[in-house]
Amino acid sequence: MSGTILEPGQIEAAASKPPFFNLPPRELFVLRAERLERLADGHPMGDYLRLLAGVCRAQQQVLDNPPALPAADPHRTRECLAHGMPPLATDTLVREGGWLPVLDAWLEAYEVPANPAVEAAIEQLRTADAGQRIAWATTLLSGQYDALPAALVPFLGAALQTAWTQLALELDFSTLREREDQAHCPCCGAPAMAGVIRHRGQMNGLRYLVCSLCAGEWHYVRLKCSHCQSTKKLDYLHFEGSPQGIKAEVCPGCDSYLKLLYLELAPDGETLSADLATLDLDLLLAEQGHQRRAPNLLLAPGGEG
């Protein structure tokens, strides 16, 4: 049998090459909950951060004991990975409704606080039929926030995140091919929520975009706008002394921005919680005319859920 012989230098290079795609840890949601609870202390939005910590803890309960979901078709998965298509594409799977058992499991796990607005939102989700739930989810994942009640966003978003994270953790991405300018998640096709700048090992100094849905991370070169791919005069804005390690990469070409979490500044940081704890930065950037195009599924634009 013939094959390619690698020289020692090539072997070392292959072994040291940073991964293109990283799956989220299985304890993702409890890590988020713990980080949100720490950030809530003394924070102006502390009550809201603690509310979402409870949302994340319910997500972890479901992920630890997940309901049965339709298995991914092995042939379709292989073909998608081979041709650069997301195997868990949201635009088709969300309409098929296979994720609905996760919503029911999350509603069962979530400890509803004594808050009339939260109680009403949870009841609205509980009593909605499958068609209505799918319609709401479809509009949420397509960014049409005006087409569903704002109060439902963090709870429906949490269920969708849990479902796609569960599905992603069951797949093998070892054959996933890296593509330049991969602006959307190679696993599910959802847009990035934020970016993270790694600071250790072979990923030191690299930027990974973090999926707003499945929480997978994929490598994306630094100093390039993830929306329009421009590399001209990008600006980096932050509040001096902010403990969250967040900076906003602002593109003058398309007037959009993406938040970046620098782990060297916040070694125990986590992107979703850091994003929610720095909404004051979003307000400042909006006042300056910059647009946020990166969704956080636990937050309705223009309000606190």
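The values are calculated or read from the model by the stated rules, or taken from the named source; none is laboratory data. If you're wondering where the values come from, they're calculated on a predicted model, not measured in any experiment. Positions of Cβ are backbone-derived with ideal geometry, glycine not excepted, and every protein chain shown enters the neighbour counts. Heads up: the accessible areas ignore ligands, DNA and RNA and are worked out on the full protein's heavy atoms, side chains in. Shrake-Rupley method; radii C 1.70, N 1.55, O 1.52, S 1.80 Å.
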Once the dipole of the chain is set up with Lys and Arg at +1 and Asp and Glu at -1 on Cβ about the Cα centre, which of P267, F29, A183 lies farthest towards its positive end? A183
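Can you tell me the dipole magnitude for the chain around its Cα centre, using point charges on the Cβ only (Lys, Arg +1; Asp, Glu -1), in Debye to the nearest 20? Walk me through the numbers before you get to the answer.
Values: 25 positive and 37 negative charges, 151 e Å.
Dipole size: approximately 720 debye.
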Among 105-113, 68-76, 274-282, what's the highest-first ranking by average C-beta atoms within 10 angstrom per residue? 274-282, 105-113, 68-76
Whole-number accessible area per residue in Å² for the chain, which is evaluated in the context of all protein chains at 1.4 Å: 48 Å²
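Using the per-residue mean of other Cβ atoms lying within 10 Å as a proxy for protection, in what order, highest first, do the peptides 92-100, 38-46 fall? The partial results should precede the final answer.
Numbers: 92-100: 16.3, 38-46: 14.4.
By packing density, highest mean first, the sequence is 92-100, 38-46.
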Computed FRET value (nearest 0.05) for A120 with H83, which takes r as the C-beta separation and R₀ as 45 Å: 0.50
For segment 82-137, whose charge dipole is built from +1 on Lys and Arg Cβ atoms and -1 on Asp and Glu Cβ atoms, the candidate among Q132, L103, H83 with its Cα farthest towards the positive end is H83
Give me the dipole magnitude in Debye, nearest 20, for segment 66-150 about the Cα centre, with unit charges on the beta carbon: positive for Lys and Arg, negative for Asp and Glu. 260 debye
With +1 on each Lys and Arg Cβ and -1 on each Asp and Glu Cβ, how big is the dipole of segment 119-220 about its Cα centre, in debye rounded to the nearest 20? 280 debye
For segment 237-250, Karplus-derived ³J(HN,Hα) couplings (6.51, -1.76, 1.60; θ = phi - 60°; whole Hz; x for glycine and proline) come out as 10, 7, 8, 4, x, 5, x, 7, x, 9, 10, 9, 8, 9
If amide hydrogens are placed 1.01 Å from N in the peptide plane, which non-local residues have theirs closer than 5 Å to the one on Q291? S256, Y257
Once you put a point 7 Å from the Cα of E27 and another 7 Å from the Cα of D146, both along the Cβ direction, what distance in nm separates them? 4.4 nm
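Assuming a strict under-17 Å limit between Cα atoms, what lysine pair count do you get for the chain once near-sequence pairs (fewer than 8 apart, same chain) are dropped?
7
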